[in-house]
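So the structure is just underneath, and the comments pick up after that.
The values are calculated or read from the model by the stated rules, or taken from the named source; none is laboratory data. Everything quoted here is computed from the prediction, not taken from an experiment. What goes into the accessible areas is simple: the full protein's heavy atoms, side chains included, and nothing from ligands, DNA or RNA. Shrake-Rupley method; radii C 1.70, N 1.55, O 1.52, S 1.80 Å.
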Amino acid sequence: MTKAEYVKKGKCIWCLKVKPEVEFYTKPHTIPKTLNPNNIGFDICDSCNNYFGSDDKLSKVTFAIDKVLKEFFNVHKFLLINKKDSNSWKNFRSQFFSYYHTSKTLKINVDYIRNAPYANELTRKFKRGIYNIFLQEYHRTTQLGLDNKFERIREFVRFDNGELPLYYLKSNNGIRLMGDLEAPFELSFNDNVLKTLEEFGYYHLSMNGLNFFIAATNKADSNMEYLINQGRELIGSGFVYTGLIELKRLNEIDFTLRNWK
Ligand SMILES: [Zn+2]
């Protein structure tokens, strides 16, 4: 029996290597498994797949890119579920966050923030994680992830070179527009989204009221106006969202529950 291979184009969307230099036997979850167990990608070689999923003892932030992303989104989900089920906090476990039940406050463990180089690196890994799932899901949906226009995403995510911005829509006192909390996390690539990507270079990623924009291609650099207008539209009267920022530190994302009642 031949082993299943996860290949469509036969070339890795991350390192651009082909068989037999690299192999494609490891099942590539395009989104960390706990957030979406269903979406299996292709053209992600075993070596790249392993790179995203493995801790790195030599790195300042040893956690794998997948782990940083997963922890972060799980914590967000926890906060939303906790609102409905007041005992769920008792089972809460996280490597990055501490939850204070009496004040209903969640804090990123202090060391991560006090240690500036560490906080920067953690934020960078989170950003790379967002760009990572974008390209993997884009390729899974369109099979066009090998395009040259994604070269800078490859450099940033796979080789830790350069810098790409992550924009975040700040919400007002923790107000969230939520979807179904138990539903797997999905990225949308409908015609409208693809058209925006093509025309302006931006991609809007939203999950249970968290909204991010990424500069997916270099077209984004000359279309800041588009982003500003999008932000303005979503902010509207400022009831739900208050501003669009370029995320510099992970703790700029609001994690307090104090105003949620
Ligand atoms: Zn590869």
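A few comments on the model shown:
- 198, 21, 155, reordered so the largest accessible area comes first (probe 1.4 Å): 21, 198, 155
- Computed from Cα positions, the angle between helix 191-200 and the longest principal axis of the chain comes to roughly 80 degrees.
- Projecting the alpha carbon convex hull of segment 46-252 along each direction and taking the average yields 12.6 nm².
- Kirkwood-Stokes translational diffusion coefficient of segment 1-147, alpha-carbon pairs, 20 °C, 1.002 mPa s, µm²/s: 126
- Taking segment 122-225 and dividing mean pair separation by its residue count, relative contact order in percent (alpha carbons under 8 Å, at least six apart): 26
- Between helix 65-84 and the chain: long-axis angle, C-alpha atoms, 0 to 90°, nearest 10: 40
- Extension gain for residue 89-residue 148 works out to 16.7 nm (0.36 nm per residue, less the C-alpha to C-alpha distance).
- Gain on full stretching of the segment that runs from residue 234 to residue 23 - 0.36 nm per residue minus C-alpha separation: 71.6 nm
- Close amide H partners of residue 243, meaning residues 5 or more places away or on another chain with modelled amide H under 5 Å apart, are 170.
- Portion, in percent, of the accessible area of segment 46-252 that falls on carbon or sulfur, probe 1.4 Å: 49
- Contact order, relative form, for the chain: 19 percent (alpha carbon pairs under 8 Å, 6 or more residues apart, mean separation divided by residue count).
- Probe 1.4 Å, protein heavy atoms only - accessible area per residue of the chain in square angstrom: 50
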